[in-house]
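Participant: Below are the structure tokens for one structure; questions will follow.
The values are calculated or read from the model by the stated rules, or taken from the named source; none is laboratory data. These numbers were taken from a predicted model, which means no experiment stands behind them. Here the Cβ positions follow ideal geometry from the backbone for every residue, glycine too, while neighbour counts run over all protein chains shown. Please note that ligands, DNA and RNA were not included when accessible areas were found on the heavy atoms of the full protein model with its side chains. Shrake-Rupley method; radii C 1.70, N 1.55, O 1.52, S 1.80 Å.
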Amino acid sequence: MMPEERYKKLKEYLSAENPVLLDVIDKYKALDKIGHKIGLIEHHESYTSHISWWPMISILGTFSAGKSSFINDYIGQNLQQSGNHAIDDKFTVICYGNNDESVTLPGLALDADPRFPFYNISEEINIVDPGEGNRVNQYLQLKTLKSDKIKGKILIDSPGFDADSQRDGILRITNHMVEMSDLVLIFFDARHPEPGAMRDTLEHLVGTTIEHKDANKVLYILNQIDTTAKEDNLEDVISSWQRALSKEGLISGNFYSIYNESAANTIEDEAMLKRLKSKKDTDLARIIDRMDKVSIERAYRIIKALEDFSKEIKEEKIPKLQEALREWGSRVLWTDVVVSVLLLVLVGVSQFQWHILESLNSTLSQIIAGGVMMLLIGAVHFKARAFFAERIAKKWAEKDINIAKAVLHNTKWWRTIFGFGRNWHKGIKVKLDVLMTQGRESIQKLNDQFVASSPTPTSKTSVEK
Ligand SMILES: Nc1nc2c(ncn2[C@@H]2O[C@H](COP(=O)(O)OP(=O)(O)OP(=O)(O)O)[C@@H](O)[C@H]2O)c(=O)[nH]1
Ligand SMILES: [Mg+2]
């Protein structure tokens, strides 16, 4: 899908949901224009596809922790299979569909549709695990569901995470999901009173999520706390998990303890039941509240991403590109100088040995000889431009693919090797500053909207009305 078509689709979708975001699309359009001009993204690419416009909630965690049961409970239907051994072996993207019957589509449907957050994921998998990306159906599936609970958002159920036996493809998808999500729920279960056995898994899940700029979007959920009834050790289990998590660097705020009432063991002791249930009810309500509010959080995140992209281009990409182009320019220049000097030396030597200049006795042959030399230098010059551009792009490709693209874009044969590094970036930086300011204004508008419509921006989003 070309960018123009994408803007149109997004506008259609968002006009019903949140008009403030309509303006934001035009700002993304301006950002794309800058990206295309510098060559950081290709003509058919758009920054709008680097973020999810659908509010997205990912559910991750160890196997059999109760992820699928939790989702079934939330949507109020038995959509996902659950069971006592590893059940899910792929990621399931659940979204609203108009059919009364739930429809299951293969991963290819997600890979090929730019409206979903897994667009082109097969290419990404192929980078870490060549060939695997073509088997995207083994990693992903899409389920549609007619339920108001998920109207206007996407839920993702995932296979149980086990750091030891995880394939690169799954790790890649997991990281991608965390990156794109507005809310990430990470499930552990209280049947393991000691988190020790899951050290690696914990390390990976918490490690990847905590590095994330927006750590507040990750909730850590200790599930199945009903199982602590038998030994009456809820506090011990909770504190041992909290210790393990804080060892990985987690700040305690986002830690919740719950269980699933429809899957729980029966608890005989009345007082115990009351205590566990009250803990669960409080924490679950807070989780559900975050899930329901995700559309609002997403609106902020989309605008924030515009600011982040602009800032990144200004402060990171442009300087890197300048450095790369300077290196390229000087390599080409040196090649030109060396070749010219070599040619002159060659002529000098020939002159000395065979008096070659005297043999060019007519003006015409002198012109021809001069022309041949110019052609030779020219040929070497253009060869050198392409050669060094390729080499420098290749060097950058591993660190930053966008810089690699921009190097190739800015070293085409008609570009000068001197003009860069001076003023070309100044105008662009001004435009980026304007975009960042406008982003902050949009955030202001969002604030006004939510503060004006209800004092506490909670529960109902406009799609659900
Ligand atoms: N006691 C108890 N059992 C639960 C709870 N939640 C889920 N279960 C049970 O735990 C088992 C695993 O639940 P699932 O929902 O399949 O877990 P999952 O995390 O989706 O597992 P995988 O998809 O295999 O990774 C099932 O037998 C559930 O009935 C809970 O809160 N308490
Ligand atoms: Mg499951």
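Participant: With θ taken as phi - 60° and the coefficients 6.51, -1.76 and 1.60, list the Karplus ³J(HN,Hα) couplings across the stretch 435-444 in order, rounded to whole Hz; mark glycine and proline as x.
Facilitator: 4, 5, 4, 4, x, 5, 5, 5, 4, 4
Participant: Another one. Rounded to the nearest whole Å², what accessible area per residue is found for the stretch 51-292 with the 1.4 Å probe?
Facilitator: Working: 10720 Å² over 242 residues.
Value for the stretch 51-292: 44 Å² per residue.
Participant: Using helices alone, what [θ] at 222 nm do you get for the chain, with -39,500 (n - 2.57) per DSSP H run of 4 or more residues, divided over all residues and rounded to the nearest 500?
Facilitator: Values: 15 runs with 253 residues, N = 465.
Only helices count here, giving -18000 deg cm²/dmol.
Participant: Something else about it: Output the relative contact order of the chain, whole-number percent, from Cα pairs under 8 angstrom with separation of 6+ residues.
Facilitator: 18 percent
Participant: Tell me, what ³J(HN,Hα) does each residue in the stretch 327-336 have, in order and in whole Hz, if you take phi through Karplus 6.51 cos²θ - 1.76 cosθ + 1.60 with θ = phi - 60° and put x for Gly and Pro?
Facilitator: 4, 4, x, 6, 4, 5, 4, 4, 4, 4
Participant: With both bridge residues required to lie in the chain, what share of the DSSP beta bridges run antiparallel, to the nearest 5%?
Facilitator: Values: 8 of 32 bridges.
Rounded to the nearest five, the antiparallel share is 25 percent.
Participant: Considering just Cα atoms, how many Å³ per residue does the convex hull of the chain enclose? Please report the intermediate quantities before stating the final value.
Facilitator: Numbers: hull volume 87.7 nm³, N = 465.
Taking only Cα atoms, the chain has a hull volume of 189 Å³ per residue.
Participant: Can you pull the percent of the stretch 40-82's accessible area that's carbon plus sulfur, 1.4 Å probe, other chains left in place? Spell out each step's value before the answer.
Facilitator: Details: 650 of 1480 Å².
Here it works out to 44 percent.
Participant: Let me ask something else. Using packing as a proxy for protection, rank 120-127, 433-440, 350-357 so that the peptide with the highest average count of other Cβ atoms within 10 Å comes first. Before the final figure, lay out each step's value.
Facilitator: Details: 120-127: 17.9, 433-440: 16.2, 350-357: 11.2.
Packing proxy ranking, top to bottom: 120-127, 433-440, 350-357.
Participant: Starting at the first residue of the stretch 97-113, write each ³J(HN,Hα) from the Karplus equation 6.51 cos²θ - 1.76 cosθ + 1.60 with θ = phi - 60°, in whole Hz, x for Gly and Pro.
Facilitator: x, 7, 5, 5, 7, 5, 10, 10, 10, x, x, 4, 4, 7, 5, 9, 10
Participant: Out of the DSSP beta bridges found with both residues in the stretch 51-292, what percent are antiparallel (nearest 5)?
Facilitator: In the stretch 51-292, DSSP labels about 25 percent of beta bridges as antiparallel.
Participant: Roughly speaking, what is the stretch gain from Gln353 to Ser365, that is 0.36 nm per residue apart minus the C-alpha to C-alpha distance, in nm to one decimal? Could you put the intermediate results ahead of the total?
Facilitator: Working: separation 12, 0.36 × 12 = 4.32 nm, distance 1.95 nm.
Computed gain between Gln353 and Ser365 is 2.4 nm.
Participant: Which angle from 0 to 90°, rounded to the nearest 10, does the C-alpha axis of helix 3-15 make with the longest principal axis of the chain?
Facilitator: 30 degrees
Participant: Something else now. In Å, what Rg and Dmax follow from the Cα atoms of the stretch 81-192?
Facilitator: Over the stretch 81-192's Cα set, Rg and Dmax evaluate to 14.4, 41 Å.
Participant: Give me the number: length gained by fully extending Asn447 to Phe387, i.e. 0.36 nm times residue separation minus the C-alpha to C-alpha distance, one decimal in nm. Provide the component values of the computation, followed by the final result.
Facilitator: On the way: separation 60, 0.36 × 60 = 21.60 nm, distance 5.21 nm.
Here the answer is 16.4 nm.
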